[in-house]
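A short write-up of the structure that comes next.
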Amino acid sequence: MALVTATPTGFTITDLSGHTVLVSETTPSPIAGIAVDPNLNVAYLTMPDSSTLLTVPLPGTGSN
């Protein structure tokens with residue numbers, strides 16, 4: 001299971017079972033909202049300050 005969190009300068013995706021940061025990225029503006037679609041295994045991150053919606057695949061959750 002993965003945890004998606006906003007940071008002051010971007011976002012991180014953490015593996016909860018191993019408490020390991022899988023992804024840590026910076027963004028052009030703050031993340032205001034996070035939604036996860038477990039059926040598609042993606043996270044949606046909104047940045048209203050830059051009118052941006054990021055679609056981020058969740059690591060380790062896709063099919064091989």
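The values are calculated or read from the model by the stated rules, or taken from the named source; none is laboratory data. These numbers come from a predicted model, not from an experiment. Areas reflect the complete protein model, heavy atoms only, side chains present, ligands, DNA and RNA absent. Shrake-Rupley method; radii C 1.70, N 1.55, O 1.52, S 1.80 Å.
A few remarks follow.
- Heavy-atom accessible surface of the chain, averaged per residue, reaches 65 Å², computed with a 1.4 Å probe.
- In the list (1) 22; (2) 39; (3) 28, the label attached to percent of Cα pairs over 19 Å apart as derived from the coordinates here is (3).
- Proximity of backbone amide H atoms, modeled 1.01 Å from N, is registered between Thr52 and Met47 at under 5 Å, excluding neighbours fewer than 5 places apart on the same chain.
- ³J(HN,Hα), Karplus 6.51/-1.76/1.60, whole Hz, each residue of the stretch 17-28, x for Gly, Pro: 5, x, 6, 10, 6, 8, 9, 9, 10, 9, 10, x
- When a 1.4 Å probe is rolled over the protein heavy atoms, the share of accessible surface on the chain that falls to carbon and sulfur comes to 57 percent.
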